[in-house]
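The values are calculated or read from the model by the stated rules, or taken from the named source; none is laboratory data. In this text, all values refer to a predicted model and were calculated from it rather than measured experimentally. Cβ placement follows ideal geometry from the backbone for every residue including glycine, while neighbour counts extend to all protein chains displayed. We work out accessible area using only protein heavy atoms, side chains counted, and drop any ligands, DNA or RNA first. Shrake-Rupley method; radii C 1.70, N 1.55, O 1.52, S 1.80 Å.
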Amino acid sequence: MRDARRRTLVLLAATAVAPAALGAGAAPFTRGLLFRIDAPGKPPSWVFGTMHSNDARVTRLPAAVTAALAASRRFAAEILLQQADPAAFFAAAQFDDGRRLADHFDGATLAQVRAALGAGAPSEEAFARLKPWAVLLLLAQPPVPGGGPTVDEILADLARQRRMTPVGLELPDEQVAALDTIPVASQVALVRWTLAHRAELPREHERTIRAWQAGDLAQLAALAAAPGRADPAVAPHFAELTRELVVNRSAQMAHRLFVPLR
């Protein structure tokens, strides 16, 4: 049995968007949620792909995941919860200069957005200053039944209980920067698309959960790419979203893992 001091990292990385960059035949793996990383002479490390969800089907951790966690001494998450400050994130989601949401949307569209958000809409003053990507996140946010912890929060809590060394793959400011980097024209187009298709989102969320349960990476990629295939006019904007929130962030996270994995 390997010495406990040599046990290594369990990587529990999660993304807000399914990996649309993965196409058929483009990746060596097409199915699975938990992957083992091996290198000669090194103890194994683990990558677990999560969903930002508190759905009971997602939060029931497979035995293999809890076993990997128990055999590890470091825990890497997309963002360490202790570093996340909701108030700071909400402040960063608002323009801090003279720009306003009304610069990008007419009054009728803004009224539609407020109606869609319902009780979840911020105050009038805060709403007026929201960046388009913040509206997109609010509109696309999946339902959170019961308000229980997400699978990411459950895993982070288990890691704390085990006194595991935490590793953050992204700082909160870096996440905001990635969102700010999405071209404003794409932010606006995606808000309009999401507003027009919001009634379909619960069904798509359900399909995503089922594909995640099955570990069907190809289906997850297909679901992420589906809007662009159905509407060529919006495809370039979804490509921008994927580039900034999936591809570029994944490269940064891989770089941040280099030292702990070594």
Relative counts (whole %) of C-alpha pair distances in the range 120-254, using bins that are 10 Å wide: 10, 31, 41, 16, 2
Overall Cα dimensions of the range 81-139 - principal axes, largest extent first, Å: 39, 26, 17
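Expressed as a whole percentage, what fraction of the accessible surface of the chain belongs to carbon and sulfur atoms when a 1.4 Å probe is rolled over the protein heavy atoms?
The value for the chain is 58 percent carbon and sulfur by accessible area.
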Rel. contact order, % - alpha carbon contacts under 8 angstrom, at least six apart, the chain: 30
Square roots of 5 times each gyration tensor eigenvalue, C-alpha, the range 178-233, largest first, Å: 23, 14, 11
Euclidean distance of C-alpha centroids, the range 225-244 and the range 102-130, integer Å: 24
Compactness index (Cα Rg / 2.2 N^0.38 Å), the range 37-118: 1.79
Calculated SAXS-style log₁₀ I(q)/I(0) at q = 0.12, 0.23, 0.24 Å⁻¹ - the range 114-185, Debye, Cα scatterers: -0.53, -1.13, -1.15
Cβ crowding within 10 Å averaged over residues, with 46-55, 253-262 ranked highest first: 46-55, 253-262
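Please compute, over every Cα-Cα pair in the chain, the percentage with a separation greater than 26 angstrom. Numbers along the way, then the final one.
Working: 15414 of 34191 pairs.
That fraction is 45 percent.
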By average C-beta atoms within 10 angstrom, highest first, the peptides 185-195, 101-111: 185-195, 101-111
By average C-beta atoms within 10 angstrom, highest first, the peptides 235-244, 164-173: 235-244, 164-173
